[in-house]
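The values are calculated or read from the model by the stated rules, or taken from the named source; none is laboratory data. Please read these numbers as outputs of a predicted model, since none were measured by experiment. Counting neighbours? That spans all protein chains shown, and the Cβs are built from the backbone with ideal geometry, glycine included.
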Amino acid sequence: MLVLVVGESCLDVFNYGACGRLCPEAPVPVFNSISRVENLGMCYNVYNNLVSLGVNCNILTNKNYRKISKTRFIDEASNHMFMRLDENDSCYGRCRVKKINFSLYDAIVISDYNKGYLTTKDIQYIGDHHDLVFLDTKKILGPWANNMTYIKINLSEYLLTKKEIDESLEDKLVITRGPEGAEHKGVIYPVPKVSIRDVSGAGDTFLAGMVSKYLDSKSIEQSIQFGNECATSVVQTRGVSCV
């Protein structure tokens, strides 16, 4: 079984340090760096999580992903994030979806961060050419998403796009609700209460867990529950991590 993961990627950087004083020129904290951790993020994080779960994958993403970065400055002791610096955020380019050989793949996973790499027409094209497509998108939903098999969005994204959702999309939605778990067709799948250290990349991990379980079980209920387990695991660690 082979899966294709499509979407834009970047470099996630976590700069851990300490802030013990204010800058004399302005009332802002002085950040002294202690350590730096780098991970491949966004679509590549979905891909890496799928691979770690034993799924055979290919990835179609922007080749310059190491030149596009999200750098977080975080207090080492408290894990409080002071700021995030995004660099080259407009340089993702465009995806060439018409070059995909869909016959090679048992499933397509779209991780769309709405940076211009994928248009709604691109996503619709993928849905028109494959029978099993999982979509995670930051876009406002519309008829272009009708041929998706399942659409994973978080609660805030759902509230933004709720007015555009009709009956043909409603049953496809899997809505992640943070510490409340996930929702599908009005059913809440809860998660245990845990100490949350970092939610970065948790949605990517949930998506990967859900897809990996669905490929084995064809049960969306079991898949959501496993996605919850995977996400619960990674939010208890610092930074972006694989399950």
Q) Assuming Ile108 fulfils every condition listed in (1) within 13 Å of the chain's Cα centre (by Cα); (2) modelled with pLDDT of 95 or more apart from one, which condition is it? A) (1)
Q. Can you pull out the residues in the range 90-144 that are touching a Gly at 6+ places or on another chain (Cβ under 7 Å) and of a type in the set (Gly, Ala, Ser)?
A. Ser111
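Could you check how many residues of the range 206-237 are β-branched (Val, Ile, Thr), farther than 19 Å from Asp106 by Cα and within 14 Å of the chain's Cα centre (by Cα)? Write out each step before concluding.
Within the range 206-237, the subset β-branched (Val, Ile, Thr) is 211, 220, 224, 232, 234-235, 237.
With farther than 19 Å from Asp106 by Cα added as a condition, the list becomes 224, 232, 234-235, 237.
Now narrow it down to the ones that are within 14 Å of the chain's Cα centre (by Cα): 234-235.
Counting residues in the range 206-237 that are β-branched (Val, Ile, Thr), farther than 19 Å from Asp106 by Cα and within 14 Å of the chain's Cα centre (by Cα) gives 2.
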Q. In this structure, does Val28 turn out to be more than 16 Å from the chain's Cα centre (by Cα), at pLDDT below 90 and either farther than 17 Å from Asp204 by Cα or not aromatic (Phe, Trp, Tyr) (or both)?
A. yes
Q | Qualifying residue in the range 167-188 (condition: within 17 Å of the chain's Cα centre (by Cα) and part of a helix (DSSP H, G or I)) | A | yes
Q. Across the range 112-125, what is the total count of residues that are farther than 16 Å from Lys172 by Cα and in contact with a helix residue (DSSP H, G or I) (Cβ under 8 Å, 6 or more places away or on another chain)?
A. 7
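Suppose we filter Val187, Val240, Val133 for residues that are closer than 30 Å to Gly17 by Cα and aliphatic (A, V, I, L, M); which single one remains? Break it down stepwise before answering.
Working: Val187 fails: closer than 30 Å to Gly17 by Cα; Val133 fails: closer than 30 Å to Gly17 by Cα.
Answer to the check: Val240.
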Q | Listing of strands (runs of 3 or more DSSP E) fully contained in the range 22-133 that carry 2 or more residues being in contact (Cβ under 8 Å) with a residue 24 or more places away in the chain, under 22 Å from Leu215 (Cα atoms) and in contact with a strand residue (DSSP E or B) (Cβ under 8 Å, 6 or more places away or on another chain) | A | 57-60, 107-112
Q) Quick one: in the range 140-182, which of the residues that are more than 21 Å from Asp122 (Cα to Cα) and in contact (Cβ under 8 Å) with a residue 40 or more places away in the chain is surrounded by the fewest Cβ atoms within 10 Å (Cβ to Cβ)? A) Asn154
Q) Residues of the range 189-205 being surrounded by 12 or more Cβ atoms within 10 Å (Cβ to Cβ), of a type outside the set (D, E, K, R) and either farther than 21 Å from Thr149 by Cβ or over 18 Å from the mean Cα position of the chain (by Cα) (or both), which ones? A) Tyr189, Pro190, Val191, Ile196, Val199, Ser200, Gly201, Ala202
Q: Would you check if Phe206 is part of a helix (DSSP H, G or I), closer than 17 Å to Cys43 by Cβ and either at pLDDT below 95 or not small (Gly, Ala, Ser) (or both)?
A: yes
Q: Filter the range 1-21 for residues that are at pLDDT below 95 and not in a strand (DSSP E or B) and give the result.
A: Met1, Cys19, Gly20, Arg21
(Q) I'm told Ile74 meets every condition in (1) farther than 23 Å from Leu104 by Cβ; (2) aliphatic (A, V, I, L, M); (3) surrounded by fewer than 19 Cβ atoms within 10 Å (Cβ to Cβ) except one. Can you identify the failing condition by its number? (A) (3)
Q) Restricting attention to the range 147-189, and to residues there that are out of contact with any strand residue (DSSP E or B) (no Cβ under 9 Å at 6 or more places or on another chain) and of a type in the set (Gly, Ala, Ser), which single residue is nearest to Asp204 (Cα to Cα)? A) Ser156
